[in-house]
1. Can you confirm whether Glu144 is farther than 21 Å from Gln25 by Cα, touching a residue at least 60 places away in the same chain (Cβ under 8 Å), crowded, with 20+ Cβ neighbours inside 10 Å and among the acidic types (Asp, Glu)?
2. Among the residues of the stretch 199-220 satisfying the criterion of being in a loop (DSSP other than H, G, I, E, B) and open to solvent by 10 Å² or more (accessible area, probe 1.4 Å), which is farthest from Leu162 (Cα to Cα)?
3. Please go through (1) under 18 Å from the mean Cα position of the chain (by Cα); (2) within 20 Å of Trp166 (Cβ to Cβ); (3) open to solvent by 40 Å² or more (accessible area, probe 1.4 Å) for Val261 and return the number of the only condition it doesn't satisfy.
4. If the requirement is being over 13 Å from Phe126 (Cβ atoms) and either over 16 Å from the mean Cα position of the chain (by Cα) or within 13 Å of ligand 2 (Cβ to nearest atom) (or both), which of these qualifies: Pro53, Pro88?
5. When residues of the stretch 323-345 are filtered for being within 22 Å of Thr139 (Cα to Cα) and not in a helix (DSSP H, G or I), how many remain?
6. Name the one entry in Glu44, Glu69 that is within 14 Å of ligand 1 (Cβ to nearest atom) and either at pLDDT below 95 or open to solvent by 20 Å² or more (accessible area, probe 1.4 Å) (or both).
7. Residues in the stretch 303-310: is at least one open to solvent by 40 Å² or more (accessible area, probe 1.4 Å), assigned to a loop (DSSP other than H, G, I, E, B) and under 23 Å from Phe268 (Cβ atoms)?
Amino acid sequence: MKAVAVTPSQKKVGIIDHPSPELHQDDEVKVRTIDVGICGTDREICTFVYGDPPSGSKHLVLGHEAMGEIVEVGTNVSNLKVGDFVVPSVRRPCQNQTCLPCRSNLQDFCSTGNYVERGIKECHGFMTESFVEQERYLTHVPDELRDLAVLTEPLTIAEKGLAQAWAAQQRLPWVQHYEGKRPTGKGLNAVILGAGPIGILGAMTMKAAGFETFVHNRSPAPNPKSEIIESIGAKYISSQDIPLKDLPEIVGSVDLIYEAVGISPVAFDALGILGVNGVYIFTGIPAPGDPIPVDANQMMRDVVLKNQAIIGTVNADDASFKAAISDLSYFRQHWPEAIEAVITKRFPMDDCRELLLDRATGIKNVISFA
Ligand code: BGC
Ligand code: ZN
């Protein structure tokens, strides 16, 4: 079977031959891969500064944003059947019996650091013709979302981020956080930093939750990203027209910032515009680099005097995957063209080296195995 892999010890990236996986436990299913998205993490792994092969393997099969169809189920699989479309999560729990998050199916909060991540850390990923996975790590995809479901995993970053923001904002009892079961940002302003896939999906999530949503991004408008943002009723603001520090003049009180740029100087600058009682969600994982200067005194004064909450979030739990599927349905219903435009293009596996190694283009590029 063919797979897209990195071999860090030989500094190699490309298609390799990989054994076809088989069911070993009765709670496992075999999935025929259909789509796998490419993201910054994959590209970074291909520069060999991040990512690790499983122990005993020289290579790591890439891919953590997958969607596929079940072709075989173990005897103890209860809620999935052959023909179902599914999306796998990424993190797998550590083995330490005292790690309460991992023992509670919340390995995204693993306390030992010994978790593994499919396609990233010590566990093969999904950029291959088929994979085997336990039922508990798969989320069912309704047939009508088949073409969009490759966006589920990146969307879970926003879903978990929003859930975390609400958990923090329970400290503000006068704010209505939920309308029924759905989070509501009605009457509040959200600023999204960056208009890559994580930023665009974040903007859609915040907008769907009722926030007045503003996206701050470098490229001048109009461009394909600004068109998506404007078409969902959010506001796209180029940093070339309005610098970050002037954003509150347009936005008003910045109640929530969702960072999706991964560039630390920009991310830390934005702390300065966070409003009173605001919440800041970091999602970016910048590569290690030289220290940057920040106005720490001002920052610390603001965080204290304005009761600000700063949260980091890494995806994601089962609830976030379910929320992502439900939001994909909402996006399809309300903004069909916008959500479809997030997927720039589908490519065959043979194009993997260009996609992973050349300059990034478009919004979300996908390797299609179907
Ligand atoms: C993935 C996460 C993962 C993180 C760090 C991201 O690209 O979406 O699931 O935890 O990288 O490895
Ligand atoms: Zn990713």
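The values are calculated or read from the model by the stated rules, or taken from the named source; none is laboratory data. Being a predicted model, the structure only gives us computed values, none of them experimental. As a convention, Cβ positions derive from the backbone with ideal geometry for all residues, glycine included, and neighbour counts pool all protein chains shown. In case anyone asks, the SASA skips ligands and DNA or RNA and just uses the protein heavy atoms, side chains included. Shrake-Rupley method; radii C 1.70, N 1.55, O 1.52, S 1.80 Å.
1. Working: farther than 21 Å from Gln25 by Cα: yes; touching a residue at least 60 places away in the same chain (Cβ under 8 Å): yes; crowded, with 20+ Cβ neighbours inside 10 Å: no; among the acidic types (Asp, Glu): yes.
When the stated conditions are applied, Glu144 does not pass them.
2. Filtering the stretch 199-220 down to residues in a loop (DSSP other than H, G, I, E, B) leaves 209-211, 218-220.
Narrowing further to those that are open to solvent by 10 Å² or more (accessible area, probe 1.4 Å): 210, 218-220.
Working: Gly210: 12, Arg218: 24, Ser219: 26, Pro220: 28 Å.
Checked the stretch 199-220; the qualifying residue farthest from Leu162 (Cα to Cα) is Pro220.
3. Every condition holds for Val261 apart from (2).
4. Details: Pro88 fails: over 13 Å from Phe126 (Cβ atoms).
Just one listed residue meets the conditions, Pro53.
5. Going through the stretch 323-345 one residue at a time, the tally reaches 1.
6. Working: Glu69 fails: within 14 Å of ligand 1 (Cβ to nearest atom).
Going through Glu44, Glu69 in turn, the sole match is Glu44.
7. Keep residues of the stretch 303-310 that are open to solvent by 40 Å² or more (accessible area, probe 1.4 Å), which gives 303-307, 310.
Those left that are additionally assigned to a loop (DSSP other than H, G, I, E, B): 306-307.
Filter once more, so that each one left must be under 23 Å from Phe268 (Cβ atoms): 306-307.
For the stretch 303-310, residues open to solvent by 40 Å² or more (accessible area, probe 1.4 Å), assigned to a loop (DSSP other than H, G, I, E, B) and under 23 Å from Phe268 (Cβ atoms): present.
Yes or no, residue by residue, for (1) over 17 Å from Thr313 (Cβ atoms); (2) surrounded by fewer than 16 Cβ atoms within 10 Å (Cβ to Cβ); (3) under 18 Å from the mean Cα position of the chain (by Cα); (4) not aliphatic (A, V, I, L, M):
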| residue | (1), (2), (3), (4) |
| --- | --- |
| Thr139 | yes, no, yes, yes |
| Ala158 | no, no, yes, no |
| Gly161 | no, no, yes, yes |
| Gln164 | no, no, yes, yes |
| Leu172 | yes, yes, no, no |
| Gln176 | yes, yes, no, yes |
| Gly180 | yes, yes, no, yes |
| Thr184 | yes, no, no, yes |
